[in-house]
Amino acid sequence: YKFPTDDETVAEVNKEMNELMPFAVVGSREDVKVGETCVRGREYPWGVVEIENELHCDFVKLREMLIRTNMEDLREVTHRKHYELYRRGKLKQMGITDDGAHPVSLQETYEQKRAEHLAELQRIEN
């Protein structure tokens, strides 16, 4: 994934973030005591990695880019690539294909599959 640079309002920030990839992200649900303060982080024998400290981890940058700056692009990419591939695969498993030349009606396909199923049940009973 590359952050989009075609929108002038976020192009400069996105270009900078694209140059920082890959991000180094550490996650944790635990609070760790560092000095007198508790921070979200992960404790190792050599020290503590603080999740919210940009010197330790790119989590803050990544969160900013995905959630605040590029949420709409993330939604579009998710829908266009991932959901469409999933949807097509599921429809193909059901025997529904759309080659573009012959658009398929889901209602017609459902009725056809139901008729085939009922015919199979009738054949088994006899």
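The values are calculated or read from the model by the stated rules, or taken from the named source; none is laboratory data. From a predicted model like this one, the values you see are computed outputs, not experimental measurements. Ideal geometry is used to build each Cβ from the backbone, glycine not excepted, and the neighbour counts take in all protein chains shown. What goes into the accessible areas is simple: the full protein's heavy atoms, side chains included, and nothing from ligands, DNA or RNA. Shrake-Rupley method; radii C 1.70, N 1.55, O 1.52, S 1.80 Å.
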Those residues of the range 21-40 whose amide nitrogen sits under 18 Å from the label point placed on ASN53, 7 Å along Cα→Cβ:
24-40
Could you work out [θ]222 nm for the chain from helices alone, using -39500 (n - 2.57) per DSSP H run of at least four and dividing by all its residues? Round to the nearest 500 deg cm²/dmol.
-12500 deg cm²/dmol
Among (i) 25.3, 80; (ii) 29.4, 99; (iii) 52.7, 181, the value of Rg and Dmax of the Cα atoms in Å computed for this structure carries the label (i)
Folded to 0 to 90 degrees: helix 106-125 orientation relative to the chain principal axis, Cα:
60 degrees
Taking Cα atoms, the helix 84-93 axis meets the longest principal axis of the chain at an angle in degrees (rounded to 10) of 30 degrees
Between VAL25 and residues 5 or more places away or on another chain, the pairs with built amide H atoms under 5 Å apart involve ASP58
Label ALA11 and GLU36 with points 7 Å out from Cα along Cα→Cβ: what is the distance between them in nm?
4.9 nm
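Calculate, for the chain, the solvent-accessible area per residue in square angstrom, rolling a 1.4 angstrom probe over the heavy atoms of the protein chains.
Working: 10390 Å² over 126 residues.
On a per-residue basis, 82 Å².
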Here, ARG75 and ASN126, labelled 7 Å along Cα→Cβ, have an inter-label distance in nm of 5.4 nm
Potential extension, LEU20-TYR44 segment - 0.36 nm per residue separation minus Cα distance:
6.1 nm
Please give the helix 11-20 orientation as an angle from the longest Cα principal axis of the chain, in degrees from 0 to 90, rounded to the nearest 10.
80 degrees
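Leaving out ligands, DNA and RNA, what percent of the accessible area of the chain is carbon and sulfur, probe 1.4 Å?
Values: 5440 of 10390 Å².
Percent of accessible area from carbon and sulfur atoms in the chain: 52.
Given Cβ point charges of +1 (Lys, Arg) and -1 (Asp, Glu) and nothing else, what value in debye, to the nearest 20, does the dipole of the range 9-96 about its Cα centre take?
With only Lys, Arg, Asp and Glu charged at Cβ, the dipole is about 860 debye.
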List HIS56, HIS79, ordered by accessible area with a 1.4 Å probe, largest first:
HIS79, HIS56
Residues listed by number, the range 58-91, amide nitrogen under 16 Å from GLN112 label point at 7 Å toward C-beta
91
Sum up the lysine pairs in the range 1-107 that clear both bars: alpha-carbon distance under 27 Å and a spacing of 8 or more or different chains.
9
